[in-house]
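For reference, the structure discussed in these notes is given below.
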Amino acid sequence: MSRLGLTRRTEIVVDAPASSANVGPGFDVFAIALDFPFDRVSLSVKGDGLKILLEGVGREIIPTVVKDNTAGVVALSIMEDFGINSGLEIKVTKGVPVGMGLGSSAASAAAVAFGINKLFNLGLDNNSLVLYASKGEVASAGKPHADNVAASLLGGFTLVRSYCPMDVMKLDPPENLGMCIASPVISYGAKKTEQFRAVIPKLIELDKLVKNVGNASALVSAVLLKDLKLFGRSLNDTVVEPARAKLIPGYFLVKEAALKEGALGVTISGAGPSMVAFFDKNLCDGKAIGSAMCESFNKAGVESSFICTSPGKGARVAI
Ligand code: HSE
């Protein structure tokens, strides 16, 4: 492909949000962008080649070698395909905690895909942006899963109908949907997502497939109908979550405690180990749910912290 001309812009700063993937039955398909936290990524046309700089919490465990870095892999892939030879410096300021199941690598990948598209005026559509950003996930998860990057790029509730060809859609979640995310402090070492993917069954029984298709379909209906109760009772995953629950100490206690405090439903956020409780902001205090979740992690012998947030916007030029 021939090189496209540079616009007059030589620098861009992009914010891309954290996300909570799978949303119960939608493994590798559903995700929700979070209003908070987010990564800030600045891209400057300067120097020679591609350079990655890291700032913020968790930067010490992220590789800066371009081909091992999520943002670097995405940038390389786009620049190679479009014959872009200019030097590019990418500074990633991490706001999304690393290794917690909040789409940290995806936020950086989404920001880079979004930023390069704008900076070099490439005219990539949403499906192409998601495809490029998903390549970055190989660096951290071993597979180019697109659920987190779709949410980080497009915002709201997203679903990946197909990976090949990439076909992604975005829906607006109900306005009163609140999310409380409790994150246990557990060290799973490097490549946590890869480990959490390794325990997933390779084959599933037909009755489990039927249950998951039912719940996934109902979850999308709940988003469209703005029916929070239906949303809550559709969060069940009978395939992936039972396998991963064993890796999260206190999983059942945390779930029970959040439901007792009025949560609509509770599930693992992405690959975990964070757990996300959904609640109706008009009816319920998210902080009480979060405290109850952390108390339960504590009972299971694990320290934890929580945030209350809401579905939010996708990648955007920072102000
Ligand atoms: N769908 C991915 C997984 C999300 O569950 O492994 C990882 O954040």
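Details
- Mean residue ellipticity at 222 nm, helices only, the chain: -10500 deg cm²/dmol; runs of at least 4 DSSP H residues each add -39,500 (n - 2.57), and the sum is divided by the number of residues.
- At an R0 of 30 angstrom, the distance between the Cβ atoms of residue 313 and residue 125 translates into a FRET efficiency of 0.95.
- Cα gyration tensor shape for region 174-249, rounded if a/c is under 1.5, else prolate or oblate: oblate
- Residue-by-residue Karplus 3J(HN,Hα) for region 168-178, coefficients 6.51, -1.76, 1.60, Hz, glycine and proline x: 10, 10, 10, 10, 8, x, x, 5, 8, 7, x
- Surface/4 of the Cα convex hull for the chain, nm²: 15.5 nm²
- Amide H within-cut-off set for residue 314, under 5 Å, with H built and near neighbours excluded: 155, 156
- With every protein chain in place, region 84-180: carbon and sulfur % of accessible area (1.4 Å): 50 percent
- The slack between residue 169 and residue 256, meaning 0.36 nm per residue of separation minus the straight C-alpha distance, is 28.1 nm.
- On full extension, the segment bounded by residue 143 and residue 11 gains 44.5 nm, given 0.36 nm per residue less the C-alpha separation.
- For the residue pairs 226/313; 135/255; 191/287; 51/94; 143/170; 226/287, alpha carbon separations beyond 28 Å are given by 135/255; 191/287.
- Cα-based shape type of region 1-94, given that a ≥ b ≥ c are square roots of the gyration tensor eigenvalues and the cut on a/c is 1.5: prolate
- Fully extended contour minus Cα-Cα distance, from residue 162 to residue 291, at 0.36 nm per residue: 42.6 nm
- Sparse-neighbour loop sites [trypsin sites (Lys or Arg not before Pro); region 211-316; at most 16 other C-beta within 10 Å; DSSP]: 226, 246, 281
- Cross-link partners of residue 118 among aspartates and glutamates, defined as those whose alpha carbon lies under 17 angstrom from its own and excluding same-chain residues fewer than eight positions apart: 11, 15, 80, 81, 89.
- Å² of accessible area per residue within region 184-319, as computed with a 1.4 Å probe and no ligands counted: 51 Å²
- Amide proton proximity set for residue 50, modelled H, under 5 Å, gap of 5+: 88
- Across region 91-104, rounded Karplus estimates of 3J(HN,Hα) from the backbone phi angles (6.51 cos²θ - 1.76 cosθ + 1.60, θ = phi - 60°) give 10, 9, 9, 6, x, 8, x, 8, x, 10, x, 10, x, 5 Hz, Gly and Pro being marked x.
- ³J(HN,Hα), Karplus 6.51/-1.76/1.60, whole Hz, each residue of region 256-262, x for Gly, Pro: 4, 5, 5, 5, 4, 7, x
- Shape of region 166-319 from the C-alpha gyration tensor: rounded (a/c under 1.5, with a ≥ b ≥ c the square roots of its eigenvalues).
- Computed over protein heavy atoms with a 1.4 angstrom probe, the accessible surface ordering of 227, 48, largest first, is 48, 227.
The values are calculated or read from the model by the stated rules, or taken from the named source; none is laboratory data. In this text, all values refer to a predicted model and were calculated from it rather than measured experimentally. When we count neighbours, we look across all protein chains shown, and the Cβ atoms used for this are built from the backbone with ideal geometry, even at glycine. Please note that ligands, DNA and RNA were not included when accessible areas were found on the heavy atoms of the full protein model with its side chains. Shrake-Rupley method; radii C 1.70, N 1.55, O 1.52, S 1.80 Å.
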